[in-house]
Amino acid sequence: MAPNNLCLPIPLTLVVIFLCAVTASGASETEILLKVKASLVNADVSLSNWNASGSPCKGNISLWTGVICTDQDTVWGLQLESMGLSGIVDIDTLADLPNLRTLSIMNNRFEGPIPDIKKLSALKTLYLSNNSFSGHIPGDAFTDMVWLKKLYLAHNQFTGEIPWSLTKLPKLMELMLNDNQFQGRIPDFPQKELQLVNVSNNQLQGPIPVGILSKMNSSMFSGEPTYISSRLSYSLQCMHGDHFVKNTRPL
């Protein structure tokens, strides 16, 4: 008599495809992104092709607006810029994307405190500029983001001191904090790879740390109190021949 339960072999390729489609949370990347979309305002217009009938990636080809894909059919980045978006940036749901390395929501209408970014500890680049984020950024806001290379927070309404955790990011290369309402002193940034720092148009005071002078030029201090501006002019005169990196923003 034949057994009631047959154990049929499952093709290995089917197993691999299934594993790629499901994240550690048990949800597919399609389900994760649709949950992110549901937390946004105006997303039905800007992200109209984000729907349950298809996947966001086909190999390294993106099938959904603003999604950047890897060769392994997974989401590597989100570039949701200039879409008129507002609402909530659902960091807890984004954290379920295991291969997310870049996030840009620049030039939108997001408001309120900065999201709990450190939950996305594997990010390499983060662009939040040109929104209406506001308030004090906790000192530990970027703790353990050891892969972060580029951070753009310019043209928001952040207040308080520049977070100390920014000085602990070992791979930081570009930091844009200009056109906010940061106060207090400029911390020293010891990172050897740091090439660009812009803190202009804030409410900063005090001396400029020697370690970051070679990463900026005088325009990056425009709008700052007289003491900072005069100190910078003197310091630059003492550093003949140094090259100052211009403001660029490759993704």
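The values are calculated or read from the model by the stated rules, or taken from the named source; none is laboratory data. Since we're looking at a predicted model, the values are computed, not measured. Glycine gets a Cβ as well: all are built from the backbone with ideal geometry, and neighbour counts include every protein chain shown. Accessible surface is based on the protein model in full, side chains and every heavy atom, while ligands, DNA and RNA are left aside. Shrake-Rupley method; radii C 1.70, N 1.55, O 1.52, S 1.80 Å.
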Open item on the list: I'm trying to understand the selection: among the residues of the stretch 133-147, which are open to solvent by 50 Å² or more (accessible area, probe 1.4 Å), in contact with a helix residue (DSSP H, G or I) (Cβ under 7 Å, 6 or more places away or on another chain) and farther than 22 Å from ASN202 by Cβ?
Closed with: ASP144
Task: Failed condition for SER62, given (1) without any contact (Cβ under 8 Å) to a residue 60 or more places away in the chain; (2) within 26 Å of GLU111 (Cα to Cα); (3) among the polar types (S, T, N, Q); (4) out of contact with any helix residue (DSSP H, G or I) (no Cβ under 9 Å at 6 or more places or on another chain) - done: (2)
Open item on the list: Pairs please, first residue from the stretch 154-180 and free of Cβ contacts under 8 Å to residues at least 12 places away in the same chain and acidic (Asp, Glu), second anywhere and assigned to a loop (DSSP other than H, G, I, E, B) and surrounded by fewer than 18 Cβ atoms within 10 Å (Cβ to Cβ), Cβ atoms under 9 Å, 6+ apart in sequence or on different chains.
Closed with: none
Task: Residues of the stretch 108-132 that turn out to be in a strand (DSSP E or B) and open to solvent by less than 10 Å² (accessible area, probe 1.4 Å), as a count - done: 2
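Residues checked against (1) in a loop (DSSP other than H, G, I, E, B); (2) among the charged types (D, E, K, R); (3) in contact with a strand residue (DSSP E or B) (Cβ under 8 Å, 6 or more places away or on another chain):
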| site | (1), (2), (3) |
| --- | --- |
| LYS35 | no, yes, no |
| ASN49 | yes, no, no |
| ASP71 | yes, yes, no |
| LEU78 | no, no, yes |
| SER82 | yes, no, no |
| LEU97 | yes, no, yes |
| MET106 | yes, no, yes |
| SER134 | no, no, yes |
- [ ] Just one of (1) on the phi < 0 side of the Ramachandran plot; (2) at pLDDT below 95 trips up PRO115, so point out which.
- [x] (2)
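Rundown of residues vs (1) within 17 Å of the chain's Cα centre (by Cα); (2) within 21 Å of ASN130 (Cβ to Cβ), yes/no style:
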position	(1), (2)
ASN49	no, no
ALA52	no, no
TRP64	no, no
ILE91	yes, yes
ARG101	yes, no
PRO113	yes, yes
Open item on the list: Quick check on the stretch 138-152. Is at least one of its residues within 21 Å of GLY66 (Cα to Cα), free of Cβ contacts under 8 Å to residues at least 60 places away in the same chain, touching a Ser or Thr at 6+ places or on another chain (Cβ under 8 Å) and part of a loop (DSSP other than H, G, I, E, B)?
Closed with: yes
Open item on the list: Quick check on my filter: what residues within the stretch 181-201 are modelled with pLDDT of 95 or more and open to solvent by less than 10 Å² (accessible area, probe 1.4 Å)?
Closed with: PHE182
Open item on the list: Being farther than 23 Å from TYR152 by Cα and open to solvent by 20 Å² or more (accessible area, probe 1.4 Å) is the requirement here; does SER46 meet it?
Closed with: no
Task: Options ILE10, ILE17: the member that is more than 23 Å from the chain's Cα centre (by Cα), at pLDDT below 95, closer than 21 Å to LEU97 by Cα and of a type in the set (A, V, I, L, M, F, W, C) - done: ILE17
TODO: Output the residues belonging to the stretch 23-57 that are among the charged types (D, E, K, R) and farther than 16 Å from LEU97 by Cα.
DONE: ASP44
- [ ] Only residues that are part of a loop (DSSP other than H, G, I, E, B) and open to solvent by less than 10 Å² (accessible area, probe 1.4 Å): list them for the stretch 157-171, please.
- [x] PRO163, LEU169
- [ ] Sort out which residues of the stretch 84-95 are in a loop (DSSP other than H, G, I, E, B) and over 18 Å from ASP44 (Cα atoms), and write them in order of number.
- [x] ALA95
TODO: Evaluate the stretch 60-69: report whether one residue or more is open to solvent by less than 30 Å² (accessible area, probe 1.4 Å), closer than 24 Å to THR30 by Cβ and not in a loop (DSSP other than H, G, I, E, B).
DONE: yes
